[in-house]
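Asker: I'd like to ask you about the structure that follows.
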Amino acid sequence: MSFLQNFNAHSLKSTRGFKLKQSSPISSPQPIGNSVDSSYPQEYSQYQTINTNLKLNNDDTNTMSGTAGVSTHKDIRNYAEQTLGSDNALIQAVKLPRDEDLNEWLAIHVVDFYNQINMLYGAITEFCSPATCPRMIATEEYEYLWQETPMDQHRGDSNAPPSSPRRPVSLPACEYIENLMNWVQGFFDNDNIFPSKIGAPFPQQFPSLVKTIFKRLFRIYAHIYCHHFHEISELGLQSHLNTSLKHYVLFANEFQLISRKDYGPLEDLVDTMLRR
């Protein structure tokens, strides 16, 4: 199967016209929690095991005590480490170039990583269906629930009335990912948020939005690693996946865009990537 056979049309729409200063080397974004603007759809990360004693903490994360019924964190790390090497070039590539605007740097990379994730997931979409993946999970420990507000349907309409968030729902992984990619694409298509004109100002809340996007896009990596790494390996794409994730976490770490707890089942693997 060709790597691009199932390439999703999302990334074709998201190649924005961001430009760097000539001195900028081109390389391929801490969650904001309750500070997120009410117009953003919310998602909740649910820690789940066999035990049914639920505890809700202050970060909208449902936790249960118990042991995982499928792959362990160590298994994931050991499996992926087979093609994971040291790459100082990536470490240098994520650093903000001198005289480069931080928001521009974040915007360039969030679009680029969106496209990378879209291509990687596009390669295994035929293996990710409501039948094979009826929930958006990463091992049995983590389920990601989808929630959006009616206001999201009126994005960009300043006259839209305020509304209450809808109830978070469990979705098949493919539907969750489709919703997430469309949600991100909506921001890319809004020139007031991701300006295509050089020198145009970014909104004040832009860094916070990038953090939210980065936290949520990481969940696609987590689902692929935990439930589709075999298919990725069969397609010969494990090196591509590992390099993409390593680049992602190096960039997120450089600009403190994702908190440690949001790495979930990939925490050990992320730690390994950051040490190398």
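Asker: Mind jotting down the distance between the C-alpha centroids of the range 223-242 and the range 173-198, whole Å?
Answerer: Centre-to-centre distance over Cα atoms comes out at 25 Å.
Asker: For the range 96-146, what D do you get in µm² per second when you plug the Kirkwood radius from alpha-carbon pairs into Stokes-Einstein at 4 °C and 1.567 mPa s? Mind dumping the intermediate values first?
Answerer: Details: Rh = 13.8 Å.
The estimated diffusion coefficient comes to 94 µm²/s.
Asker: Can you work out the Karplus-derived ³J(HN,Hα) for every residue in the range 265-275? Use 6.51 cos²θ - 1.76 cosθ + 1.60 with θ = phi - 60°, whole Hz, and x for glycine or proline.
Answerer: With the stated coefficients, the range 265-275 comes to x, 9, 4, 5, 5, 4, 4, 5, 5, 6, 7 Hz.
Asker: Sticking with this structure for a sec: Could you pull out the pairs from K95/K261; K95/K197; K215/K261 whose alpha carbons sit more than 20 Å apart here?
Answerer: Numbers: K95/K261 23 Å; K95/K197 23 Å; K215/K261 10 Å.
Listed pairs above 20 Å: K95/K261; K95/K197.
Asker: Hey, another quick one. Return the sequence-ordered ³J(HN,Hα) values of the range 169-178 in whole Hz as given by the Karplus equation 6.51 cos²θ - 1.76 cosθ + 1.60 applied to θ = phi - 60°, using x for Gly and Pro.
Answerer: 10, 8, 10, x, 4, 5, 6, 4, 5, 4
Asker: Here's a follow-up. Search the structure for amide H atoms under 5 Å from the amide H of Y142, placed 1.01 Å from N in the peptide plane, and list their residues when 5 or more places away or on another chain.
Answerer: Residues meeting the amide H criterion: Q48.
Rule-based calculations on the coordinates, nothing more; no lab input. No experiment lies behind these values; they were computed from the predicted model shown.
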